[in-house]
Amino acid sequence: MRQSKLFSKTQRSDPQNEESVNAKLLIRAGYVDKVMAGVYTFLPLGKRVLANIENIIREEMVAIGGEEILMPSLQPKINWETTGRYDAYDTLFKFQSFYSKTDYVLGPTHEEIVSPLLGKFITSYKDLPVAVFQIQNKFRDEKRSKSGLLRGREFLMKDLYSFHADEKDLEKFYEKARKAYVRIFNRAGIGKLTYYTYASGGTFSKYSHEFQTLTPAGEDVIYICDKCRIAVNREVIDDLQGSCPKCGSKTLREEKAIEVGNIFPLKTRFSSPFGLKFSGANGQENEVLMGCYGIGLNRLMGTIVEVSHDERGIIWPKAISPFPAHLVELGKGKGRRLYEQLAKAGIEVLYDDRDATAGEKFADADLIGLPVRLVVSEKTKDKVEVKKRGEKNSKLVSYGSVRKLL
Ligand code: ATP
Ligand code: MG
């Protein structure tokens with residue numbers, strides 16, 4: 001893509017009323033625009049980042065047997081009364097139709113929709129197990145929204161729900177989902193900083209699990225066991241008397257972290273109020289057991305920026321970056337031949353063909369943060385200067401080897 005055609009532009013100074021590093025950088029670099037606290041528009045560059053995150057998550061969910069659906073944001077009050085969460089869910093957006101006086105909820109999550117939905121299709125043990133997921137906008141009336149993309153009032157979530165005939169099957173799938181999450185966070189470049197964390201399981205299970213990524217921007221505190229490479233969160237540390245749930249070690253390390261995803265054995269918490277039952281092989285009626293599995297896409301994007309930036313800008317991991325490289329031309333038209341060659345080879349780069357100084361272009365390239373910078377100028381002749389973002393040294397290579405590199 002030609003940068004001269006990109007309607008969004010970079011900004012030289014930090015936006016006002018924005019405290020978080022992720023939002024400051026993403027706004028300055030032209031990835032997102034702030035509409036109000038906790039609500040952002042994704043600009044062309046930001047939309048590409050989201051699409052990359054979305055594709056990774058979708059691939060891994062399909063790989064464990066998830067079937068993709070799309071449920072509505074607009075939900076009836078009655079479903080939330082059925083589960084007792086109309087009053088109990090503290091960040092629920094509620095409103096009334098002006099015409100019919102019907103009460104609605106804007107979905108912060110979808111157990112209240114997915115449980116009765118599957119109730120229409122599950123009748124026998126032969127219909128189980130089943131797992132459905134969506135990537136869809138959630139709404140939450142969060143009290144504080146000062147963490148940029150980490151805590152939005154409207155945000156994209158991948159939510160998967162699984163349905164099982166017995167506990168053993170739920171546990172089997174739970175483990176599959178855990179592994180899929182590990183793959184997702186590895187592919188997103190935050191695997192090394194992300195810990196499988198024991199959290200409270202509510203009334204139905206001993207534990208649920210969070211995926212917590214270490215960052216000073218995090219709103220949670222976790223306690224890490226370096227030997228087991230797991231953590232426990234604040235809710236359960238006291239119950240465990242400060243020890244690791246796996247090895248019993250008492251030397252846990254306290255760190256700030258952000259929850260990028262979680263997996264939760266719901267068991268019959270939602271199947272029960274909606275009467276979600278199936279008949280077993282012997283004809284006996286049983287309640288369906290459920291699990292739910294969430295990942296916040298905006299939060300994941302914001303987390304990547306929090307853990308991967310320097311004083312000059314963002315440093316995107318390859319798999320997440322909106323383009324594989326930034327082609328910077330110094331001198332009108334100097335980069336055109338390489339841009340077209342790469343395009344022919346199916347490689348779309350961001351091509352800085354603007355009328356701007358070398359200083360401005362380099363500053364923008366660092367701010368935008370694509371993993372590789374390619375410079376073509378009078379000086380580079382028939383070669384290209386290649387530099388990785390985050391590294392100091394550059395080297396001169398031929399057009400052909402750039403193609404191979406990308
Ligand atoms: P938190 O404790 O941080 O509020 P939560 O426990 O409310 O999170 P869930 O309801 O389990 O989170 O939602 C699943 C996932 O959605 C979370 O793991 C997180 O990645 C993401 N998420 C939750 N709330 C927000 C939000 N306000 N903005 C962006 N992402 C969110
Ligand atoms: Mg919350």
Which is farthest toward the positive dipole end of the chain among F121, I314, P76, measuring Cα position about the Cα centre, with Cβ charges +1 (Lys, Arg) and -1 (Asp, Glu)? I314
If you roll a 1.4 Å probe over the chain with all protein chains in place, what percent of the accessible area is carbon or sulfur? 50
Furthest towards positive pole of dipole, L330, L406, Y207, structure part the chain, Cβ charges: L330
Would you mind pulling out the separation of the Cα centroids of the stretch 122-156 and the stretch 184-215, in Å? 16
Filter the GluC sites (Glu not before Pro) in the stretch 174-250 to those in DSSP coil with at most 15 other Cβ atoms within 10 Å of their Cβ, and list the result. E219
Return the Rg/Rh value of the stretch 45-189, two decimal places, where both radii are evaluated on C-alpha atoms and Rh is the Kirkwood radius. 0.99
Dipole in debye (nearest 20) - the stretch 1-152, about Cα centre, beta carbon charges: Lys, Arg +1; Asp, Glu -1: 800
Charge-dipole axis of the chain as Lys and Arg at +1 and Asp and Glu at -1 on Cβ define it, positive-most pick from V35, I368, Q3: Q3
When the helix-only estimate is applied to the chain (DSSP H runs of n ≥ 4, each -39,500 (n - 2.57), divided by the residue count), what is the mean residue ellipticity at 222 nm, nearest 500 deg cm²/dmol? -8000 deg cm²/dmol
Solvent exposure of the chain as accessible area per residue, Å², 1.4 Å probe: 47
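Using the Kirkwood formula on the Cα atoms of the stretch 185-310, what hydrodynamic radius do you get, in angstrom to one decimal?
For the stretch 185-310, inverting the mean 1/r across all distinct Cα pairs yields 16.1 Å.
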Set of lysines with alpha-carbon distance to K120 below 27 Å, sequence-local pairs under 8 removed: K77, K94, K138, K158, K168, K172, K176, K267, K277
Would you work out the charge dipole size for the stretch 225-311 about its Cα centre, treating the Cβ of every Lys and Arg as +1 and the Cβ of every Asp and Glu as -1, and quote it to the nearest 20 debye? 340
If you place +1 on the Cβ of every Lys and Arg and -1 on the Cβ of every Asp and Glu, how big does the dipole about the Cα centre of the stretch 323-405 come out, in debye to the nearest 20? 400
Prolate/oblate/rounded label for the stretch 3-57 (Cα gyration tensor, a/c 1.5): oblate
Span from the the stretch 330-377 Cα centroid across to the the stretch 251-303 one, whole angstrom: 45
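Rounded to whole Å and ordered largest first, report the semi-axes of the equivalent ellipsoid of the stretch 8-310 derived from its Cα gyration tensor (root of 5λ).
For the stretch 8-310, the semi-axes come out at 32, 26, 18 Å.
The values are calculated or read from the model by the stated rules, or taken from the named source; none is laboratory data. As the structure is a computational prediction, the values presented were derived from the model and not from experiment. Glycine also receives a Cβ, built like all others from the backbone with ideal geometry; neighbour counts cover every protein chain displayed. For the accessible areas, the whole protein counts, side chains as well, though only heavy atoms, and no ligand, DNA or RNA atoms are used. Shrake-Rupley method; radii C 1.70, N 1.55, O 1.52, S 1.80 Å.
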